[in-house]
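These notes are about the structure you will find just below.
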Amino acid sequence: MVKHTATSVVTIERYIIEQERLYPDAPGELSGLLYDIALAAKMIANKVRMAGLADIIGATENENVQGEIQQKLDVLANDMIIKALDHSGRLCAMASEEEPDIIQIPDNFRCGKYCLLFDPLDGSSNIDVNVPVGTIFSVVLKITRGARGEMEDMLQPGRRQVAAGYVIYGSSTMMVYTTGQGVHGFTLDPQIGEFLLSHPNIRIPERGRYLSVNDSYEQVWEEDVRALMRRYRGLDGVRDPMSVRYVGSLVADFHRNLLGGGLFAYPANEKNPRGKLRLLYEANPLAFIVEQAGGLASNGSIRILDVEPTELHQRTPLFIGSKSDVMMADRMLAAPVLAEQA
Ligand code: P6P
């Protein structure tokens, strides 16, 4: 495989093809699926960029963008992803944070062998205050017989993923993905409408600089969680103190920690007894990415990728990021299951 650096001009399409060549028997369907997701990401980026202009743009007489933009952006993003992928012939079904049930492929389109699970626009409430938001996606192979996807195809543990990624709509738009051969980041050049390789082979530092957690739940955490957060802050003298960086947008917090080293923690609490974040299309894809980058992800007792799903929208506690910091969580919160696997 050609070794790329961030200075060579490599589009995401070229990179996907080069990765596919590593596996001659790969039929290319997964590559096509990743292109389609990159296309949907460009369309969503365009809408997210214009969100703040809805009132202004809407004032012109013939623009319908105000209605389109003012339609909740996460619903708009959801529809864009479905429309960009439902006719590709690569999917047997989809599942979205915005839809209660699985999304079937229309009868007039061919079914494929992959399932796509996604959160179309996580953290969308942050758009009004210009905080970065993101799209998160997970791809698994169909395991049931027949052409159409079934719930059983969606309820697979994260270790069965064949691809995962996210798009962050921030100061620039980036798409970061893995197919199990490392983690690669692409930055959208809006002038040419292409995602260009900017972060080849991302690796997360072993120890985190940043702690991302919402302290307002401190009073409703279990005592072991409180002790863990004191440790991350260096208050019990075991670890050097981490700086707290909490945006309140999962993809933004995760992305910063992936590049700079850190830990994102969303423990269970009285308000969210099973945690807040969704297993199938938030925790699982980010866990696949972080492990491919040398980090870890846990629910506080076992590896996220080993959690056996039972419901499409089930939630999970989440500790994800630098390996030594996630292992610290697993030592302090439960029997050290993760330590043997690391
Ligand atoms: P809290 C956004 O609503 C979100 O789903 C994630 O993007 C974010 O990490 C989390 O919730 C923030 O939750 O309870 O701290 O506001």
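The values are calculated or read from the model by the stated rules, or taken from the named source; none is laboratory data. Since the structure is predicted, the reported quantities are computational estimates derived from the model, not experimental observations. So basically every Cβ, Gly included, is an ideal-geometry build from the backbone, and we count neighbours across all protein chains shown. Only protein heavy atoms, including side chains, enter the accessible area calculation; ligands, DNA and RNA are left aside. Shrake-Rupley method; radii C 1.70, N 1.55, O 1.52, S 1.80 Å.
Quick notes on this structure:
- Residue that is surrounded by the fewest Cβ atoms within 10 Å (Cβ to Cβ) [pool: residues in region 240-251 that are more than 8 Å from the ligand (Cβ to nearest atom) and not in a loop (DSSP other than H, G, I, E, B)]: 243
- Among residues of region 294-309 that are in the same structural domain as residue 225 (by TED's automatic domain parsing) and modelled with pLDDT of 95 or more, those with a Cβ under 7 angstrom from a residue that is of a type in the set (Gly, Ala, Ser) and open to solvent by 10 Å² or more (accessible area, probe 1.4 Å), sequence gap 6+ or separate chain, pair up as 296/342.
- Note on region 45-59: among residues that are of a type in the set (D, E, K, R) and modelled with pLDDT of 75 or more, the one that is surrounded by the most Cβ atoms within 10 Å (Cβ to Cβ) is 47.
- Residues satisfying the stated conditions in region 180-223, i.e. within 16 Å of the ligand (Cβ to nearest atom) and not β-branched (Val, Ile, Thr): 210, 211, 212, 214, 215, 216, 217, 218, 219, 221
- Every residue from region 227-262 that is under 19 Å from residue 124 (Cβ atoms) and of a type in the set (Phe, Trp, Tyr): 246, 254
Conditions (1) buried (at least 21 other Cβ atoms within 10 Å of the Cβ); (2) closer than 24 Å to residue 278 by Cβ; (3) touching a Pro at 6+ places or on another chain (Cβ under 7 Å); (4) aliphatic (A, V, I, L, M), marked per residue:
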| residue | (1), (2), (3), (4) |
| --- | --- |
| 158 | yes, yes, no, no |
| 182 | no, no, no, no |
| 189 | no, no, no, no |
| 193 | no, no, no, no |
| 196 | no, no, no, yes |
| 203 | no, no, no, no |
| 219 | no, no, no, no |
| 222 | no, yes, no, no |
| 226 | no, no, no, no |
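- Total residues in region 2-44, condition open to solvent by 80 Å² or more (accessible area, probe 1.4 Å) and under 18 Å from the mean Cα position of the chain (by Cα): 1
- In region 252-261, of all residues being farther than 24 Å from residue 331 by Cα and of a type in the set (A, V, I, L, M, F, W, C), the one that is most open to solvent (accessible area, probe 1.4 Å) corresponds to 259.
- Of all residues in region 262-296 being assigned to a loop (DSSP other than H, G, I, E, B) and of a type in the set (Gly, Ala, Ser), the one that is surrounded by the fewest Cβ atoms within 10 Å (Cβ to Cβ): 294
- Of all residues in region 104-159, exactly one satisfies the criterion of being free of Cβ contacts under 8 Å to residues at least 40 places away in the same chain, within 16 Å of the ligand (Cβ to nearest atom) and among the hydrophobic types (A, V, I, L, M, F, W, C), namely 129.
- Cross-chain or 6+ apart pairs with Cβ under 8 Å, region 258-270 first and more than 15 Å from residue 318 (Cα to Cα), then part of a strand (DSSP E or B) and open to solvent by 10 Å² or more (accessible area, probe 1.4 Å): 259/199; 260/210; 261/210
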